[in-house]
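Heads up, the thing below is written out as structure tokens.
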């Protein structure tokens, strides 16, 4: 009778606290981005949301870059199970398959898409299935990808001396990554591909004379203003940049449906929040960069904006002709953008209409 009463008491506790007996799952992920960056802060926010939504039963430790492997080796480390997951960028895998550029950092959106349009294609236009096909079939990597962290519309970059036009970029040794490097190479620029955490040190040593990373707030946190004093914006080279979360496929399979849903929700939460945060921080950063650090904030010459799109269209056309998977993804994006971009333009007034009415440019 005593044993029966004890059993009833335990069952009662489980009914009141249904998750008290559940085991805690702990995972180790590594970021590819500097710990001083907003990217890393957003990755930590994602981890916090996962813990909160799971009641502490799923915990993700977000390790700094280089903690286990160098930034450009995160994908293979996740694939091999050296780490459970990573926070990195599709552009880093361009050398494995050039379709990588279509999952976040493609020039022009592509086809005029902004970050919301791109996420719309991912979640509502079949993009997520193609994203998984890219890694699992094309690259043969045992990973599951999700967008995580929006960089927003990236600026043209930081320079030692002023920029007059597209031709004026010729001969400049600038940090660029992925397909963007090829786009700007058509101006005669000499691109240098290095991870985000190495940009400022390379500038300090004179290895590069200019660089692009993200935008005013992110770049200031990393310290770009300590090396360069000319900042040009906007740009068309990465208008819908969203980086990624990749999870080892075997780890993903072991997660419960609830845990998978929590990760899916937390990635979207963190990605949308990152755009809200960066908009506010960029506004504050522009004032600080100009007034406190003496940065000359300049508008990108119009011919550069157009030349970026023209160069990208030429590169994309050539790649689609020889890379069937690139063409498959590219045409999927074109079909989605053909409906959504014109529709948004018709539904929403131009941003400049009210912006210039209330805040005329000086």
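Computed FRET efficiency, Cβ-Cβ of residue 23 and residue 279, R0 30 Å: what is it to the nearest 0.05? Spell out each step's value before the answer.
On the way: r = 40 Å, r/R0 = 1.33.
Using R0 = 30 Å, I get an efficiency of 0.15.
So if we plug the beta-carbon distance of residue 226 and residue 272 into 1/(1 + (r/R0)^6) with R0 = 30 Å, what FRET efficiency do we get, rounded to 0.05? Show your work: numbers first, answer last.
Values: r = 31 Å, r/R0 = 1.04.
For R0 = 30 Å, the calculated efficiency reads 0.45.
Label sites at residue 185 and residue 343, each approximated as a point 7 angstrom past Cα along Cα to Cβ, lie 3.8 nm apart. Its residue count N fixes a reference of 2.2 N^0.38 Å for the chain, and the Cα radius of gyration divided by that reference is 1.09.
Scaling the Cα radius of gyration of the stretch 251-324 by the globular reference 2.2 N^0.38 Å produces a ratio of 1.86.
For the Cα trace of the stretch 177-253, dividing Rg by the Kirkwood Rh returns an Rg/Rh value of 1.04.
Between residue 160 and residue 96, residue separation times 0.36 nm minus the direct Cα-Cα distance comes to 19.8 nm. Rounded to the nearest 10 degrees, the inclination of helix 2-16 to the longest alpha-carbon principal axis of the chain is 20 degrees. Sorting 117, 219, 269, 302 by the number of Cβ atoms found within 10 Å of their own Cβ, with the fewest placed first, yields 302, 269, 117, 219.
Would you mind ranking 82, 243 so that the residue whose beta carbon has the fewest other beta carbons within 10 Å leads the list? All intermediate terms of the calculation are to be shown ahead of the outcome.
Working: 82 16, 243 27.
By the 10 Å Cβ count, ascending, the order reads 82, 243.
Rounded to the nearest angstrom and listed largest first, the equivalent-ellipsoid semi-axes of the stretch 50-104 from its Cα gyration tensor are 25, 14, 9.
Please state the shape class of the stretch 300-362: rounded when a/c is under 1.5, otherwise prolate if a/b exceeds b/c and oblate if not, all from the C-alpha gyration tensor. In terms of gyration-tensor shape, oblate. Here the calculated FRET efficiency for residue 353 and residue 80, from their Cβ-Cβ distance with R0 = 51 Å, stands at 0.45, rounded to the nearest 0.05. Rg and Dmax over the alpha-carbon atoms of the stretch 219-285 stand at 17.3, 50 Å.
Which shape class, rounded, prolate or oblate, goes with the stretch 202-316 when its Cα gyration tensor gives a ≥ b ≥ c as root eigenvalues, a/c under 1.5 marks rounded, and past that a/b bigger than b/c marks prolate?
Values: a/c = 2.21, a/b = 1.70, b/c = 1.30.
In terms of gyration-tensor shape, prolate.
Each part gets one Cα centre, and for the stretch 156-196 versus the stretch 32-66 those centres are 32 Å apart. Ordering 241, 101, 35 from the fewest to the most neighbouring beta carbons within 10 Å gives 35, 241, 101.
The numbers here are math on the coordinates, done by the rules we state, and not lab data. Fair warning: this is a prediction, and the values are worked out from it, not measured in the lab. Glycine also receives a Cβ, built like all others from the backbone with ideal geometry; neighbour counts cover every protein chain displayed.
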